[in-house]
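Just so you know, all these numbers are worked out from the coordinates, no wet-lab data involved. Quantities reported herein were computed from a predicted structural model and do not represent experimental measurements. With ideal geometry, Cβ positions are generated from the backbone for all residues, glycine too; neighbour counts draw on all protein chains shown.
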């Protein structure tokens, strides 16, 4: 009789485990409606952006011409040009959990070491060649030269960079599993945020 009870208990427990939802993880929450073009001017603060009134949505909300409209010929001090296809420039991406940027690096230029805290990056080389480096949380360094037509992936939150080793401008398209992947440039952010504070502290020490 006791054995029979154990069998029944085991069956009930197994059934309950089967009913328990399996946790899934994604960069952004799943959408709860067909679409939700972002209202970028809304005063409300939510995780993402509020939806616009569906009656104001047009076909243009589902299309983005930024890569054609912005030629990408202006480079910064490090030889980098970025055109963003994220929710702030393409509101139709709101709640869709995806974005794509175009990155151009002139010869000898570099996309400085940085991380994307909210997304995995999957990039496809469109022209040129790049030396791509990835550093894990354990300090291990992975690198390879990516050429036209090839792809590379950067796991979410890992430090990485791209260096143009060719004699021509390199272009790649970076896709993300987040509408707003975010970017933290390690050297630049450190200098901008902490240099004034460190300088002030040094002055205080010198005057004591």
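Length gained on full extension, residue 33 to residue 76: 11.5 nm, using 0.36 nm per residue less the C-alpha separation. In units of the compact-protein estimate 2.2 N^0.38 Å, region 54-196 shows a Cα radius of gyration of 1.09. Starting from one equal scatterer on each C-alpha and no solvent at all, send me the Debye-based log10 I(q)/I(0) for region 129-178 at q = 0.21 Å⁻¹, two decimals. Debye curve over Cα of region 129-178, log10 I(q)/I(0) at q = 0.21 Å⁻¹: -0.79.
Our estimate of slack between residue 140 and residue 62, defined as 0.36 nm per intervening residue step minus the Cα-Cα distance, is 24.0 nm.
Take the Cα of residue 126, step 7 Å toward its Cβ, do the same at residue 112, and the gap between the two points is 2.4 nm. Put in line by how crowded their Cβ is, counting other Cβ atoms within 10 Å and starting with the fewest, 150, 162 read 150, 162.
Rounded to the nearest 0.05, what FRET efficiency do residue 150 and residue 53 have when you use their Cβ-Cβ distance and R0 = 41 Å?
0.40
Oblate is the label for region 91-170, because the ratio a/c of its alpha-carbon gyration tensor axes (a ≥ b ≥ c) is 1.5 or higher and a/b is not greater than b/c.
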